[in-house]
Amino acid sequence: GIVRGGVIYQDWGGNSYTTCLVGNGDVGITGNGAISTSDALGGAIYTNSSLQIANNNSVLLRGNYEQQGSDYRLRSIYAGGRGDAISLSAAAGKSIEFRDSVYIASGSTVNLNADYTYLDEAGESVTIRQTGDIIFTGADTEQHLNDLLEAAGAGRTATAQEILNSRTTEVCAMSNLYGGRLRVEGGAVLKTSAGLTVAEDSNATVKIDNAELDAGTSDIAIGATGRLELSNGAIVRANEIIIDDEATLALSCSELQTRATFALSEAVAAGTTAYNTGNTVVIDGDLTLNGGATLVADNAHFIMTEGSVLTINASDEKKINLVLTLGTVYEPDVPITLFTGVESMRFIYNGTELTDSAAVNPGDFFTGAWINESTTFTYDAEAGTF
């Protein structure tokens, strides 16, 4: 069997090359494998140099696998990290969809939906914006693994660890989103251990739906006009999540008609009140909202626990736009609880930390149709609640 790169093998060899898959119609790379007793890498593509997938019609990678002995993992691409850049870009209305995992080592920069530039027949430079969808999904993982094992005559079904490994994409290099949407869904896990940045003025969206985005000890930064959208049990982990001026953080469970729980740690403290009918949205890390940002809470409220820090940087000129949509489970006389937490929660407004019980006029830092002159948050530092 092929040990590395079931379709494409590109080694560095002391030179910098770029493997290109650009300007095609629909592309399907399916059912390829790398097989070894110990170091099978890249079921479809193995590269130790640069890689560019851009400006095609829709691209689908599915059922590509690494087999090491009797262990299986769905994985389309293994990038060894010596390349200048890994570029994954989908044209407007098109997509690059990974139903297998991907591994990208440190040493490269990962650019998602960067502009695609080429020379036309007259030698003139032409630039095409790439505003499609980059999709990582684990919806079919278990079925694809079991089909693979059956075809191999393994006489068993996939283990839980094989399923998790096959749903987990690891990007060890800094990642940048320049347009369109990055979608992680269907139980997939995207680890971006060097951080993730949505470029300013890109109108780009990071959408995590029933999936996980894990930046480890690095940051996730959503630049101006960008959007971080969490729904249906999303989990986001980072050192800090920064929602910048004119960017949006949206928490929505409207499709399920349930309340989301917005938590800044993995666990909700015992005894706290959670307006939650089974769906939980989790953010593990500190959260900073800068003036001009928008916070959309659709059937959601907030739980901040165990050492989390919420920082509001706002002013009269640039406040946080809070859009709050109440759920149908509210009765008219039920109070709205926006924030709940524990004693170790910290709240910082314009550089001043609230350490004692204090009434805060939300009009000082939030603007929204539901806020009026009589609206007041009362912060209890001992309980860590508003």
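The values are calculated or read from the model by the stated rules, or taken from the named source; none is laboratory data. Since we're looking at a predicted model, the values are computed, not measured. Glycine gets a Cβ as well: all are built from the backbone with ideal geometry, and neighbour counts include every protein chain shown. The accessibility values were calculated without ligands, DNA or RNA, using every heavy atom of the protein model including side chains. Shrake-Rupley method; radii C 1.70, N 1.55, O 1.52, S 1.80 Å.
Considering every residue within segment 191-202, establish whether at least one is modelled with pLDDT of 95 or more, farther than 24 Å from LEU310 by Cβ, in a strand (DSSP E or B) and of a type outside the set (D, E, K, R).
Checked against the condition, which is being modelled with pLDDT of 95 or more, farther than 24 Å from LEU310 by Cβ, in a strand (DSSP E or B) and of a type outside the set (D, E, K, R), segment 191-202 yields no hits at all.
Taking only segment 75-86 into account, find how many residues are open to solvent by less than 20 Å² (accessible area, probe 1.4 Å) and either in a strand (DSSP E or B) or touching a Phe, Trp or Tyr at 6+ places or on another chain (Cβ under 6 Å) (or both).
Taking segment 75-86 and keeping what is open to solvent by less than 20 Å² (accessible area, probe 1.4 Å), we get 75-77, 79, 81, 83, 86.
Subset that is either in a strand (DSSP E or B) or touching a Phe, Trp or Tyr at 6+ places or on another chain (Cβ under 6 Å) (or both): 75-77, 79, 86.
Total meeting the criteria: 5.
Step by step: first the residues of segment 289-312, then only those that are of a type in the set (Val, Ile, Thr) and more than 16 Å from LEU230 (Cα to Cα), then the one that is modelled with the lowest pLDDT. Which residue is that? Spell out the reasoning first.
Initial filter on segment 289-312 (of a type in the set (Val, Ile, Thr)): 294, 296, 303, 305, 309, 311-312.
Still in the list and also more than 16 Å from LEU230 (Cα to Cα): 305, 309, 311-312.
On the way: THR305: 54, VAL309: 79, THR311: 84, ILE312: 82.
Per the stated criteria, the residue is THR305.
In this structure, does GLY13 turn out to be farther than 19 Å from VAL110 by Cβ and either of a type in the set (Ser, Thr, Tyr) or modelled with pLDDT of 95 or more (or both)?
On the way: farther than 19 Å from VAL110 by Cβ: yes; either of a type in the set (Ser, Thr, Tyr) or modelled with pLDDT of 95 or more (or both): no.
Considered against the rule, which asks whether it is farther than 19 Å from VAL110 by Cβ and either of a type in the set (Ser, Thr, Tyr) or modelled with pLDDT of 95 or more (or both), GLY13 comes out as no.
Any idea which residue in segment 87-107 is nearest to VAL184 (Cα to Cα), counting only those that are assigned to a loop (DSSP other than H, G, I, E, B) and open to solvent by less than 40 Å² (accessible area, probe 1.4 Å)? Give the steps one after another, and end with the answer.
Initially, segment 87-107 is screened for residues assigned to a loop (DSSP other than H, G, I, E, B), giving 89-94, 99-100, 105, 107.
Imposing the further condition that a residue be open to solvent by less than 40 Å² (accessible area, probe 1.4 Å) reduces the set to 89-91, 100, 105.
Numbers: SER89: 16, ALA90: 15, ALA91: 18, ASP100: 12, ALA105: 20 Å.
So the residue we want is ASP100.
What residue, among those in segment 46-74 that are among the hydroxyl-bearing types (Ser, Thr, Tyr) and in a strand (DSSP E or B), is farthest from ILE96 (Cα to Cα)?
Keep residues of segment 46-74 that are among the hydroxyl-bearing types (Ser, Thr, Tyr), which gives 46-47, 49-50, 58, 65, 70, 72.
Still in the running and in a strand (DSSP E or B): 46-47, 50, 65, 72.
Values: TYR46: 18, THR47: 18, SER50: 18, TYR65: 18, TYR72: 23 Å.
Of everything passing the filter in segment 46-74, TYR72 is farthest from ILE96 (Cα to Cα).
Which pairs do you get when a residue that is open to solvent by 60 Å² or more (accessible area, probe 1.4 Å), found in segment 147-166, comes within reach of a residue that is in a loop (DSSP other than H, G, I, E, B), reach meaning Cβ atoms under 8 angstrom, with the pair 6+ apart or on two chains?
Within 8 Å, the pairs are ASP147/GLY63.
Restricting segment 26-41 to residues that are more than 14 Å from GLY63 (Cβ to Cβ) and modelled with pLDDT of 95 or more, which is most open to solvent (accessible area, probe 1.4 Å)? Can you show your working first?
Taking segment 26-41 first, the residues more than 14 Å from GLY63 (Cβ to Cβ) are 26-27, 35-41.
Right, trim to modelled with pLDDT of 95 or more and you get 26-27.
Numbers: ASP26: 125, VAL27: 26 Å².
Top of the filtered list is ASP26.
Does segment 111-125 include one or more residues that are part of a strand (DSSP E or B), over 18 Å from ASN32 (Cβ atoms) and modelled with pLDDT of 95 or more?
Within segment 111-125, the subset part of a strand (DSSP E or B) is 111-112, 116-119, 125.
Among the residues that remain, those that are also over 18 Å from ASN32 (Cβ atoms) are: 111-112, 116-119, 125.
Add one more test, that the residue is modelled with pLDDT of 95 or more, and what stays is 111-112.
Yes; the residues of segment 111-125 include at least one that is part of a strand (DSSP E or B), over 18 Å from ASN32 (Cβ atoms) and modelled with pLDDT of 95 or more.
Name every residue in segment 203-235 that is part of a loop (DSSP other than H, G, I, E, B), without any contact (Cβ under 8 Å) to a residue 40 or more places away in the chain and within 15 Å of GLY138 (Cβ to Cβ), in order of residue number.
Listed by number, the list holds a single entry, ASN210.
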